[in-house]
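Structure record follows, encoded as structure tokens.
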Amino acid sequence: MTKIIEVNNVSKSYGGVKANTDISIEVQQGGITGLIGPNGSGKTTLFNSIVGYHPIDSGSIRFEGKEISKMQVQDIARLGLLRTFQQTRIYGDMNCVENMLISMPHRKMTIREAFTTNTRADHDRAEHLLDFVGLYEKRFLRSGSLSFGQQKLLEFAMALMNEPTVLLLDEPTAGINPTLINGLIDRLKRANSEFGITLFIIEHNMRVIMNMADSIYCLAHGELLASGTPSEIQGDQRVVDAYLGAH
Amino acid sequence: MDQIIGNIGLLFEFPVVNLKILLDGIMIGALFALAAYGLALVWGVMNVKNLAQGDFVIAGGYVAWTLDQNGIHPFLGIPVAFIVMWIIGWITYKLVIKRVIERDLFTSLLATFGLAIMFAQILNLMFGSDTQSIQLDMPTLYFADGFIDVPMSKLVGVVTALCLAFGVILFMKRSRMGQAIRATAQDARAARVLGIDTDKVYAFTFSLNSAICGAAGAIIVMAWVIQPFYGITYSIRAFVIVTAAGLGNLPGVIAAGLGIGALEQYGSHIFGIGYQQAIAVLLLLLVLFIRLLQQRRKRQVLQ
Amino acid sequence: MTILRPIFYLALLAFIVAAPFIAPEFRTQLATLWIFIILSMTWDMTGGQMGYNSLGNILFYGAGMYIAAVVGIAIVYNVGEYTNAAGGGIYKFTDTQYFLGMALGLVAAGVLCAGIAWILGYLLFGLRGPYFAIGTLGAAIAAGELVSNWEWVGGGQGIALPVYPGDDYENAKLFFYYLFAIVGVILFIFLRWFYSTRFAAAINAIRDDEEKAEAMGLHTLRYKLITWSIAAFFVGIAGGISGYQLIHFEPLETAFQTINLGIFMVVCVLLGGKGTLWGPIIGAILFHVVKEVTWNYLLGWQWVALGALIVITVVYFQDGLMGWLARVKPEWFGERVMEKPDMVAEPAE
């Protein structure tokens with residue numbers, strides 16, 4: 001396995017608040033990597049640093065060996081590094097199929113291809129993926145009218161439509177009906193194994209992340225607290241303390 | 001081209017010319033800053049980008065000019081313009097602005113653009129399209145062997161503008177209404193929850209802005225000239241200043257106002273008076289572009 | 001539905017061809033109507049479909065006018081000397097020179113305006129929302145002021161072009177009407193196709209949530225530049241034709257008329273309905289007819305009334321006619337609530 005994302009000694013502060021201090025993380029190609037930590041531990045800040053939403057103070061971030069810490073969001077996304085948002089972002093005035101079709105991987109298109117109409121195959125793929133996340137019945141509904149959980153699923157499907165190399169998911173199970181969580185875990189795993197998409201997931205739900213990830217990083221107070229396999233993390237006293245607030 | 005080089009050469013040959021240009025620029029810049037302060041107020045408090053700003057200025061100028069035509073001393077024109085424009089601002093708020101505050105920004109921009117056209121055309125119908133100014137019976141001061149001439153009228157105008165600005169700032173800091181305005185600017189919903197009548201605050205803010213512009217116009221007409229269609233350039237200057245300084249940055253607004261005034265004077269000295277309007281607008285593009293590059297370094301966009 | 005559509009378009013085309021003969025006394029107004037339609041449709045490409053509300057598209061109209069005129073003159077005479085003489089009688093154009101000059105001029109106007117949009121877009125498309133609107137407005141005003149100081153193209157005096165060959169003035173009117181109509185019809189056909197492509201879906205994504213579109217890896221800047229350049233291309237040609245139609249034009253009031261035509265096109269689109277194919281056309285017709293009918297009855301208050309119309313449209317009727325229809329009759333616009341199995345790749349309009 002090769003490293004696809006390498007975060008080296010990244011620090012980021014907002015004013016006087018240190019959100020990330022000297023963090024180093026590796027994401028293995030083809031795997032599922034988890035990022036956990038209590039609220040305010042700097043997980044989303046790290047995500048935003050990787051996908052280019054703000055400049056970092058120091059350190060380096062590499063994607064497939066290429067330095068990306070100075071690049072703009074869309075340039076990074078065009079390398080195939082995609083993210084979903086904690087507060088979902090979809091095109092609320094369009095229906096689900098349109099949302100899917102808009103998410104076609106434009107980075108792989110030439111201008112001539114962009115100036116063509118979507119083919120039958122594109123529609124089929126869109127509907128297939130909507131079926132994959134369980135939104136097939138609702139595919140012609142205005143996406144803004146969907147529930148928060150359904151919007152999350154739609155956003156996930158849109159990300160798959162985009163054929164990313166790596167997908168960064170910010171709390172994919174938050175706000176999703178607990179009875180559906182097992183189904184979602186299953187789909188995330190299948191996205192990883194069937195479509196070959198490397199996943200990097202922020203997750204609060206311990207059970208979820210322990211079930212999925214093959215390696216986990218734990219942040220606390222903006223610093224890297226521990227890393228290892230799920231069982232190592234589970235057995236780590238510092239992680240337990242951080243979550244129970246003994247830190 | 002030769003003329004441009006000649007004009008630049010003049011600046012080095014006679015350094016005192018620089019001083020004259022700077023002085024001229026700073027004096028008109030003080031009035032730009034006043035209009036920009038009003039814009040920043042409205043922008044910050046109610047998130048309305050008012051493109052009719054300059055037309056309020058011009059309208060205030062015509063109020064003072066009308067009074068002067070009827071034999072009333074122009075100094076009295078300043079408070080009268082303040083009051084008249086307060087009322088016009090209040091009516092404008094009730095009829096139009098009130099309905100666009102909660103809408104997207106382009107709506108308020110376009111609505112105020114429509115207002116700007118209306119104001120300019122009404123002024124044109126009422127006063128004709130000639131440039132107007134008030135001749136004050138005041139001496140002109142000369143410095144540096146007559147190279148620098150400072151009309152007293154301009155000096156008085158700038159001092160009045162400073163007093164007005166000081167008064168408004170004091171009001172914003174000390175009074176209950178000033179506090180309410182600042183609270184609404186920070187978080188309108190929170191202010192509403194705490195029992196502040198935000199509609200009243202908005203109406204007051206917009207009227208105050210309009211009144212400040214009116215007074216600025218009354219000062220401008222004493223020492224410079226006005227014309228019904230000059231409004232849009234004043235609006236653009238106000239935008240340049242606020243964009244360059246950022247919201248809620250009073251020293252910045254003043255500095256940017258004076259700076260823009262000086263740059264414009266330099267520009268029209270070098271390129272000729274015909275380019276004055278163009279320079280005012282090109283400065284906008286320049287400032288926007290610089291801000292853009294700054295934001296880009298922060299991986300952000302200007303929005 | 002499928003049989004009705006070609007019939008409708010054929011009838012429409014026939015009407016467009018016949019219009020100047022149905023109402024011969026309104027030929028000039030009909031030509032002007034086409035300007036409104038072309039400018040509104042192109043404005044909607046960025047304003048309605050891409051969410052970038054430009055207040056400065058008039059820049060391309062003015063630039064097109066100047067470019068077409070300068071090219072038309074330059075193939076025969078020295079431009080500086082020509083403008084210096086301010087249309088004096090010594091400069092004659094043969095019919096061939098006139099039409100060749102115009103043809104080359106219009107092509108140049110379209111291509112160069114697209115180029116201007118591309119370069120200007122690099123500077124301005126980093127600006128969002130109101131900053132973009134103000135930036136484009138500033139660019140248009142600046143262009144007008146700079147051109148009015150540029151003596152080579154006639155300065156504040158503007159340019160006087162040769163008149164249309166022949167003595168029958170009606171011929172000229174017909175010629176310009178059909179020229180505008182051809183550009184307008186081509187633009188319509190182009191947009192009908194354009195709005196069905198993946199590209200159009202991408203610019204709609206930019207409109208609805210640009211940050212998301214960026215995060216999905218769209219070439220946002222490139223797509224914005226292409227869209228604006230296409231719009232500028234058509235606006236430039238329309239401006240070029242206007243120059244030849246007007247014969248004489250000057251920079252501030254005719255070419256770069258920021259507060260007249262520059263804002264009217266926005267109002268037309270808002271009246272008809274943003275982000276639709278037909279909205280801008282309907283809005284332009286509505287606006288132009290109302291303007292022409294009421295103009296003479298307003299006794300000098302026309303411009304004030306127009307300002308008021310802008311304010312009222314923006315404040316009370318911003319969704320426009322099509323937006324209102326979409327609210328009242330959503331099913332006409334293909335909004336499906338119930339699950340239907342017959343979804344095929346029919347391009348959305």
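The values are calculated or read from the model by the stated rules, or taken from the named source; none is laboratory data. From a predicted model like this one, the values you see are computed outputs, not experimental measurements. Don't worry about glycine lacking a Cβ; one is built from the backbone with ideal geometry, like all the others, and counts go over all protein chains shown. Note: areas computed on protein heavy atoms with side chains; ligands, DNA, RNA excluded. Shrake-Rupley method; radii C 1.70, N 1.55, O 1.52, S 1.80 Å.
A few remarks follow.
- Check on C:Thr46, under 16 Å from C:Pro280 (Cβ atoms), surrounded by fewer than 21 Cβ atoms within 10 Å (Cβ to Cβ) and touching a residue at least 24 places away in the same chain (Cβ under 8 Å): no
- Residue that is farthest from C:Leu137 (Cα to Cα), among those in the stretch B:249-303 that are surrounded by 16 or more Cβ atoms within 10 Å (Cβ to Cβ) and basic (Lys, Arg): B:Arg299
- Among the residues making up the stretch C:232-252, a single one is open to solvent by 10 Å² or more (accessible area, probe 1.4 Å) and part of a strand (DSSP E or B): C:His248.
- Failed criterion for C:Thr276 (all others in (1) crowded, with 24+ Cβ neighbours inside 10 Å; (2) of a type outside the set (Gly, Ala, Ser); (3) assigned to a helix (DSSP H, G or I) hold): (3)
- Residue check for C:Leu59: crowded, with 24+ Cβ neighbours inside 10 Å, outside any helix (DSSP H, G or I), in contact (Cβ under 8 Å) with a residue 60 or more places away in the chain and among the aliphatic types (A, V, I, L, M): no
- Restricting attention to the stretch C:292-333, the residues that are under 11 Å from C:Gly273 (Cα atoms) and open to solvent by 60 Å² or more (accessible area, probe 1.4 Å) total 3.
- If only residues of the stretch C:194-228 that are open to solvent by 10 Å² or more (accessible area, probe 1.4 Å) and under 18 Å from the mean Cα position of the chain (by Cα) are counted, the one that is farthest from C:Gly279 (Cα to Cα) is C:Ile226.
- Taken as a whole, the stretch A:87-103 holds at least one residue that is within 13 Å of chain C (Cβ to nearest Cβ), closer than 22 Å to A:Gly175 by Cα and of a type in the set (Asp, Glu).
- Test: residue in the stretch A:234-244 that is assigned to a strand (DSSP E or B), surrounded by 14 or more Cβ atoms within 10 Å (Cβ to Cβ) and not aromatic (Phe, Trp, Tyr): no
- Hey, A:Gly196 open to solvent by 10 Å² or more (accessible area, probe 1.4 Å), touching a helix residue (DSSP H, G or I) at 6+ places or on another chain (Cβ under 7 Å) and either in a loop (DSSP other than H, G, I, E, B) or without any contact (Cβ under 8 Å) to a residue 12 or more places away in the chain (or both) or not: no
- Residue list for the stretch B:101-127, restricted to those being touching a residue at least 40 places away in the same chain (Cβ under 8 Å) and either among the polar types (S, T, N, Q) or away from chain C (no Cβ under 12 Å) (or both): B:Ser108, B:Thr112, B:Gln121, B:Asn124, B:Phe127
- From the list B:Gly54, B:Gly61, B:Gly38, B:Gly25, the one residue that fits, being within 15 Å of B:Phe206 (Cβ to Cβ), crowded, with 23+ Cβ neighbours inside 10 Å and within 18 Å of the chain's Cα centre (by Cα), is B:Gly38.
- Pairing residues of the stretch B:58-72 that are of a type outside the set (Val, Ile, Thr) with residues that are open to solvent by 60 Å² or more (accessible area, probe 1.4 Å), at Cβ distances under 7 Å and at least 6 apart in sequence or on separate chains, gives B:Leu67/B:Leu76.
- Only strands (runs of 3 or more DSSP E) whose full extent lies in the stretch A:1-110 are considered here, and the ones with at least 1 residues that are under 30 Å from A:Gly144 (Cα atoms) are A:32-36, A:81-83.
- When B:Ile219, B:Ile254, B:Ile241 are screened for being assigned to a helix (DSSP H, G or I), within 14 Å of another protein chain (Cβ to nearest Cβ) and within 15 Å of the chain's Cα centre (by Cα), only B:Ile241 passes.
- Every test in (1) small (Gly, Ala, Ser); (2) without any contact (Cβ under 8 Å) to a residue 60 or more places away in the chain; (3) open to solvent by less than 30 Å² (accessible area, probe 1.4 Å) is passed by A:Gly59 save one, and that test is (3).
- Residue count for the stretch A:22-45, restricted to those that are more than 14 Å from A:Leu225 (Cα to Cα) and among the hydrophobic types (A, V, I, L, M, F, W, C): 2.
- Near pairs, Cβ below 7 angstrom, 6+ apart or cross-chain, from the stretch C:146-157 (more than 10 Å from chain B (Cβ to nearest Cβ) and closer than 12 Å to C:Tyr82 by Cα) to any residue that is outside any helix (DSSP H, G or I) and hydrophobic (A, V, I, L, M, F, W, C): C:Val153/C:Ile159
- Taking (1) part of a helix (DSSP H, G or I); (2) crowded, with 24+ Cβ neighbours inside 10 Å; (3) among the polar types (S, T, N, Q) in turn, B:Asn18 satisfies each apart from (2).
For (1) at pLDDT 90 or above; (2) within 14 Å of chain C (Cβ to nearest Cβ); (3) surrounded by fewer than 17 Cβ atoms within 10 Å (Cβ to Cβ); (4) in contact with a Gly (Cβ under 8 Å, 6 or more places away or on another chain), each residue gets a yes or a no:
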position: A:Asn20; (1), (2), (3), (4): no, no, no, yes
position: A:Lys43; (1), (2), (3), (4): no, no, no, yes
position: A:Asn48; (1), (2), (3), (4): no, yes, no, no
position: A:His54; (1), (2), (3), (4): no, yes, yes, no
position: A:Ser69; (1), (2), (3), (4): no, no, no, yes
position: A:Val73; (1), (2), (3), (4): no, yes, no, yes
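- For the stretch B:266-295, a residue qualifies if it is of a type in the set (Gly, Ala, Ser), facing chain C (nearest Cβ under 10 Å) and either touching a residue at least 12 places away in the same chain (Cβ under 8 Å) or in contact with a Phe, Trp or Tyr (Cβ under 7 Å, 6 or more places away or on another chain) (or both), and the qualifying residues are B:Gly272, B:Ala280.
Here's the yes/no breakdown for (1) part of a helix (DSSP H, G or I); (2) within 30 Å of C:Arg207 (Cβ to Cβ); (3) in the same structural domain as C:Ala284 (by TED's automatic domain parsing); (4) out of contact with any strand residue (DSSP E or B) (no Cβ under 6 Å at 6 or more places or on another chain):
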{"site": "C:Pro6", "(1), (2), (3), (4)": "yes, no, no, yes"}
{"site": "C:Ala14", "(1), (2), (3), (4)": "yes, no, no, yes"}
{"site": "C:Ala18", "(1), (2), (3), (4)": "yes, no, no, yes"}
{"site": "C:Thr32", "(1), (2), (3), (4)": "yes, yes, no, yes"}
{"site": "C:Ser54", "(1), (2), (3), (4)": "no, yes, no, yes"}
{"site": "C:Tyr82", "(1), (2), (3), (4)": "yes, no, no, yes"}
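- B:Lys98 being in a helix (DSSP H, G or I), basic (Lys, Arg) and open to solvent by less than 60 Å² (accessible area, probe 1.4 Å): no
- C:Thr254 being under 15 Å from the mean Cα position of the chain (by Cα) and either touching a residue at least 24 places away in the same chain (Cβ under 8 Å) or assigned by TED's automatic domain parsing to the domain that holds C:Trp43 (or both): yes
- Taken over the stretch C:321-349, residues that are at pLDDT below 80 and in contact with a Gly (Cβ under 7 Å, 6 or more places away or on another chain) amount to 1.
- Residue tally, condition in contact (Cβ under 8 Å) with a residue 60 or more places away in the chain and surrounded by fewer than 17 Cβ atoms within 10 Å (Cβ to Cβ), over the stretch B:183-221: 1
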